[in-house]
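Structure record follows, encoded as structure tokens.
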Amino acid sequence: MKWLKYWFCIIPGLGRTEALARSIAEGVESVEGASAKVKRVDFATVNDFISCDAVAFGSPNYFSYMAGLMKDFFDKSLSIREKVTGKPSAAFTSGGGASDSALLSLERMISSFRLEKAANGVITQGEPSEEKLGVCRRLGETLAKRALERSEAPKD
Ligand SMILES: Cc1cc2nc3c(=O)[nH]c(=O)nc-3n(C[C@H](O)[C@H](O)[C@H](O)COP(=O)(O)O)c2cc1C
């Protein structure tokens with residue numbers, strides 16, 4: 001069995017973004033051979049970013065954007081951009097109101113770092129509903145399957 005490592009960036013707050021991350025992790029772990037790791041962004045390193053097989057970035061909506069800690073992580077990662085090219089990824093956000101712009105800010109990083117967007121992002125408002133947690137589980141499953149496919153593809 002091949003074990004893959006995943007990680008998620010979450011911010012300490014009311015716990016809503018973390019609930020989404022944990023559901024994504026459940027979805028990842030439902031796929032045979034995949035394991036997930038949820039990590040707070042202030043404990044994440046650029047090496048985590050390089051060594052994982054797929055990544056989901058989540059942040060609460062702070063002033064219609066990702067949280068500053070999250071942005072700081074991307075700023076620090078600029079120098080290793082070439083080492084993460086093509087990695088399957090997805091983004092998710094939790095806000096008090098409409099949070100399209102916060103999701104967009106995360107997804108812009110997916111394109112800036114030339115990651116592969118493996119699934120549509122998830123936006124939630126207030127406490128995440130069971131339905132949204134289910135969407136997160138499916139996102140995790142999709143991400144894991146994509147990473148497995150990529151790891152099995154012949155390298156040239
Ligand atoms: C500093 C700060 C700024 C925020 N700005 C927004 C905002 O612009 N739009 C919005 O919908 N919610 C905003 N919120 C609300 C949070 O996005 C919302 O409560 C979110 O669900 C918190 O996620 P968490 O439980 O992971 O901390 C803000 C919260 C904080 C603390």
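The values are calculated or read from the model by the stated rules, or taken from the named source; none is laboratory data. In this text the structure is predicted, and so the values were computed from the model without any measurement. Here the Cβ positions follow ideal geometry from the backbone for every residue, glycine too, while neighbour counts run over all protein chains shown.
Structure notes:
- Close contacts from region 74-101, counting a first residue that is among the hydroxyl-bearing types (Ser, Thr, Tyr) and a second that is more than 16 Å from the ligand (Cβ to nearest atom), with Cβ to Cβ under 6 Å and a gap of 6+ residues or different chains, come to Ser77/Val46; Ser77/Phe49; Thr85/Arg114; Ser89/Val55; Ser89/Ile110; Ser89/Leu115.
- Here region 88-134 is the region considered, the condition is being β-branched (Val, Ile, Thr) and within 11 Å of the ligand (Cβ to nearest atom), and the residue that is surrounded by the fewest Cβ atoms within 10 Å (Cβ to Cβ) is Ile123.
Conditions (1) assigned to a helix (DSSP H, G or I); (2) of a type outside the set (A, V, I, L, M, F, W, C), marked per residue:
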| site | (1), (2) |
| --- | --- |
| Met70 | yes, no |
| Phe74 | yes, no |
| Ser79 | yes, yes |
| Ser94 | no, yes |
| Ala98 | no, no |
| Leu104 | yes, no |
| Ala119 | no, no |
| Ile123 | no, no |
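- Hey, Gly58 within 16 Å of the ligand (Cβ to nearest atom), over 15 Å from the mean Cα position of the chain (by Cα) and among the small types (Gly, Ala, Ser) or not: no
- Selection status of Met66, aliphatic (A, V, I, L, M), within 14 Å of the ligand (Cβ to nearest atom), in contact with a helix residue (DSSP H, G or I) (Cβ under 8 Å, 6 or more places away or on another chain) and in contact (Cβ under 8 Å) with a residue 60 or more places away in the chain: no
- Residues in region 125-156 that are more than 20 Å from Ala102 (Cβ to Cβ), assigned to a helix (DSSP H, G or I) and hydrophobic (A, V, I, L, M, F, W, C): Ala144, Ala147, Leu148.
- Residues that are more than 17 Å from the chain's Cα centre (by Cα), surrounded by 12 or more Cβ atoms within 10 Å (Cβ to Cβ) and free of Cβ contacts under 8 Å to residues at least 24 places away in the same chain within region 135-156 are absent altogether.
- Criterion: out of contact with any Cys (no Cβ under 7 Å at 6 or more places or on another chain) and modelled with pLDDT under 95 - qualifying residue of Lys83, Lys155: Lys155
- Screening Gly15 with (1) out of contact with any Asp or Glu (no Cβ under 7 Å at 6 or more places or on another chain); (2) modelled with pLDDT under 95; (3) at negative phi gives one miss only, at (3).
- Meets criteria (closer than 17 Å to Phe92 by Cβ, at pLDDT 90 or above and assigned to a helix (DSSP H, G or I)) for Val55: no
- Filtered by the rule that a residue be small (Gly, Ala, Ser) and either at pLDDT below 90 or not in a helix (DSSP H, G or I) (or both), region 26-50 gives Ser30, Gly33, Ala34, Ser35, Ala36, Ala44.
- Test set (1) over 18 Å from Arg150 (Cβ atoms); (2) more than 16 Å from the ligand (Cβ to nearest atom); (3) touching a strand residue (DSSP E or B) at 6+ places or on another chain (Cβ under 7 Å) - Asn47 fails condition number: (3)
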